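The values are calculated or read from the model by the stated rules, or taken from the named source; none is laboratory data. Note that the structure is a prediction, hence the values are computed from the model and not measured. Quick reminder, even Gly has a Cβ in these numbers, built from the backbone with ideal geometry, and neighbours come from all protein chains shown.
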Amino acid sequence: MAININELPPSERLAIEQALFNKLGEDVSTKNPDSLRYAADTDMIETYRATGYKSRDVMVNGQKVGTHSVRVSKGKDAQTVKRLAVMDGHELEQFVQSDECAEERAEYIALMAQNFAEYMLETYGIVCDGCEVVTETIPAQPPTISGTTMRIDADKVVQALKGYLPTTFGGLLGGTQDE
């Protein structure tokens, strides 16, 4: 005898739905490497890497029911930055202790010599003794895959499986076989 899920008392329906949710949750987990979702995501990412296609239709019984897409972060262009490099720590320490820096030193005495030297360069344009400005290039960062997104329309799944789903499952998905 078939159960009409919609006619059950709320606590029974909730028990059934919670049990299904728990069991299905294991299979749709993006974090579990043994899950069906993990396998589908891996396949989608491999397809993206091989073809460059970020999205594809999800089909059930020949009908489109949603999309599966790869999320890709934007890359960053290479950039050149100037930073201060301490070349002689002893010479820097002597400069920091000199009368030339007395006023500034009092304000920043608690900072390490490296921080003080960076402050002097940024604030006053002074390259402290024992330091020099070096230029370095930060390499470009290509776009990276940040995950996948799957959007599924439950009503379309019910329609695609019309005649194949037991009434109980059709009711849980928000539809019935008779629609």
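Do you know which residues across region 101-129 are of a type in the set (D, E, K, R), at pLDDT 85 or above and in a helix (DSSP H, G or I)?
Glu118, Glu122
Answer yes if at least one residue in region 65-73 is closer than 30 Å to Cys128 by Cβ, surrounded by fewer than 14 Cβ atoms within 10 Å (Cβ to Cβ) and not acidic (Asp, Glu), and no otherwise.
no
Of the residues Asn6, Asn61, Asn22, which is out of contact with any strand residue (DSSP E or B) (no Cβ under 7 Å at 6 or more places or on another chain) and loosely packed, with under 10 Cβ neighbours inside 10 Å?
Working: Asn6 fails: loosely packed, with under 10 Cβ neighbours inside 10 Å; Asn61 fails: loosely packed, with under 10 Cβ neighbours inside 10 Å.
Only one candidate passes the filter, namely Asn22.
Kindly indicate whether any position in region 3-17 is hydrophobic (A, V, I, L, M, F, W, C), in contact with a Ser or Thr (Cβ under 6 Å, 6 or more places away or on another chain) and touching a residue at least 12 places away in the same chain (Cβ under 8 Å).
Checked against the condition, which is being hydrophobic (A, V, I, L, M, F, W, C), in contact with a Ser or Thr (Cβ under 6 Å, 6 or more places away or on another chain) and touching a residue at least 12 places away in the same chain (Cβ under 8 Å), region 3-17 yields at least one hit.
Tell me which residues, restricted to region 1-55, are under 30 Å from Pro143 (Cβ atoms) and of a type in the set (Gly, Ala, Ser).
Selection gives Ser29, Ser35, Ala39, Ala40, Ala50, Gly52, Ser55.
Tell me whether region 146-161 contains one or more residues that are in a strand (DSSP E or B) and more than 34 Å from the chain's Cα centre (by Cα).
Within region 146-161 (the criterion being in a strand (DSSP E or B) and more than 34 Å from the chain's Cα centre (by Cα)), the answer is no, since none of the residues qualifies.
Residue check, Asp77 against (1) touching a Leu at 6+ places or on another chain (Cβ under 8 Å); (2) exposed (fewer than 12 other Cβ atoms within 10 Å of the Cβ), all met but one. Which one?
For Asp77, the exception is condition (1).
Can you tell me which residues in region 60-95 are touching a residue at least 60 places away in the same chain (Cβ under 8 Å) and either more than 30 Å from Asp43 (Cα to Cα) or assigned to a loop (DSSP other than H, G, I, E, B) (or both)? Before the answer, list the steps.
Here is the first cut: in region 60-95, the residues touching a residue at least 60 places away in the same chain (Cβ under 8 Å) are 60-78.
Of everything in region 60-95, those that are touching a residue at least 60 places away in the same chain (Cβ under 8 Å) and either more than 30 Å from Asp43 (Cα to Cα) or assigned to a loop (DSSP other than H, G, I, E, B) (or both) turn out to be Asn61, Gly62, Ser73, Lys74, Gly75, Asp77, Ala78.
Provide a single number: the residues in region 25-58 that are part of a loop (DSSP other than H, G, I, E, B), surrounded by 12 or more Cβ atoms within 10 Å (Cβ to Cβ) and within 17 Å of the chain's Cα centre (by Cα).
So the answer is 4.
Just the residues that are within 21 Å of Val81 (Cβ to Cβ) and aromatic (Phe, Trp, Tyr), please, taken from region 121-167.
Within region 121-167, just Tyr124 meets the criteria.
Identify all residues within region 113-145 that are more than 28 Å from Arg71 (Cβ to Cβ) and under 28 Å from the mean Cα position of the chain (by Cα); write none if there are none.
Thr137
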